[in-house]
Amino acid sequence: MHAFELGDLAAGVRRVLCIGAHADDIEIGCGGLILRLLELNPDLEVRWVVLSAEGPRRAEALAAARHFLGDDAEKRVAIAGFRDGFLPYQGGEVKEYFEALKQKGRPDLVLTHHRGDLHQDHRLASELTWNTFRDHLILEFEIPKYDGDLGAPNCFVPLDEAHVRRKIEILLSAFPSQHARRWFEPETFRALMRLRGVECNAESGWAEAFHVRKLVLAARASGEPRWPA
């Protein structure tokens, strides 16, 4: 397994688009990566899209994003308001929403759900992300759940203990509505990051993992940016 420097990616990525089906998906799936990218590049432009956040979950989504993005989070967060659990049955409206997303700028990196996720909302989000941003670098994150659909990811981002702690702190403080769920606890999140750290032999022992479906390694001339604009 060959390792590339995350700093090389951060140096070339100026715009990141995060797409989550539900209020806590982005934080669970790629919160550690976002923390690391913002640490390496504080000027990074992050757009945060939540497809479904009904009732109190809307406020929770904004609160969580504020922990990552700061006081101007409201300017970077878009909450679509589709019905939880019914995204495939609102397919036409969701597709139109993604088409509108495409008109709001070209991201250098897109973070979204894995296409093999068994939750119907997650799966549709992944499918439409690929329909809309097929020529972009897309990392598909994973969400632990009852379905037992965790696969074998092929991209790993090592995390420091501080990133692990901060990610879990945000999840627990920002999403009180989820505390009654038996799986929504520190041990779940720590266990998955620990397992992925073992799989990539992370020096810190911690990592997040992603699925990369298509990656182009292109030669560049001297002076060109490392990653496409």
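The values are calculated or read from the model by the stated rules, or taken from the named source; none is laboratory data. Not measured: the values here are computed from a predicted model. Here Cβ is always computed from backbone atoms with ideal geometry, including for glycine, and neighbour counts include all displayed protein chains. These accessible areas exclude ligands, DNA and RNA; they are computed on the full protein's heavy atoms, side chains included. Shrake-Rupley method; radii C 1.70, N 1.55, O 1.52, S 1.80 Å.
How large is the helix-only mean residue ellipticity at 222 nm for the chain, computed as the sum of -39500 (n - 2.57) over DSSP H runs with n ≥ 4, divided by its residue count, in deg cm²/dmol to the nearest 500? Could the numbers behind the result be given before it?
Working: 8 runs with 94 residues, N = 229.
That calculation yields -12500 deg cm²/dmol at 222 nm.
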Of the candidates Cys30, Leu172, Phe184, the farthest towards the positive dipole end of the chain (Lys/Arg Cβ +1, Asp/Glu Cβ -1, centred on the Cα centre) is Cys30
Probe 1.4 Å, heavy atoms of protein chains only: per residue, the accessible area of the chain in Å² is 50
Reduced to Cα centres, the span from region 35-107 to region 148-201 in Å works out to 20
Computed over region 59-157, the convex hull of the Cα set has an average projected area, in nm², of 7.4
If every Lys and Arg gets +1 and every Asp and Glu gets -1 at its Cβ, then about the Cα centre region 1-159 yields a dipole, in debye to the nearest 20, of 360
Projected onto the charge dipole of region 1-72 (unit charges on the beta-carbon of Lys, Arg, Asp and Glu, signs +1, +1, -1, -1), the Cα from Leu51, Leu69, Cys18 with the largest positive-side position is that of Leu51
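At 1.4 Å probe size, with the rest of the protein present, what percent of the exposed accessible area of region 1-63 is carbon and sulfur atoms? Intermediate values should be presented prior to the final figure.
Details: 1300 of 2430 Å².
Of the solvent-accessible surface of region 1-63, carbon and sulfur hold 54 percent.
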Log10 I(q)/I(0) at q = 0.10, 0.18, 0.19, 0.23 Å⁻¹ for region 111-229, from Debye over equal alpha-carbon scatterers, is -0.38, -1.09, -1.16, -1.34
For region 28-38, in residue order, the Karplus 3J(HN,Hα) values (coefficients 6.51, -1.76, 1.60; θ = phi - 60°; whole Hz; Gly and Pro = x) are 5, x, 9, x, x, 4, 4, 4, 5, 5, 5
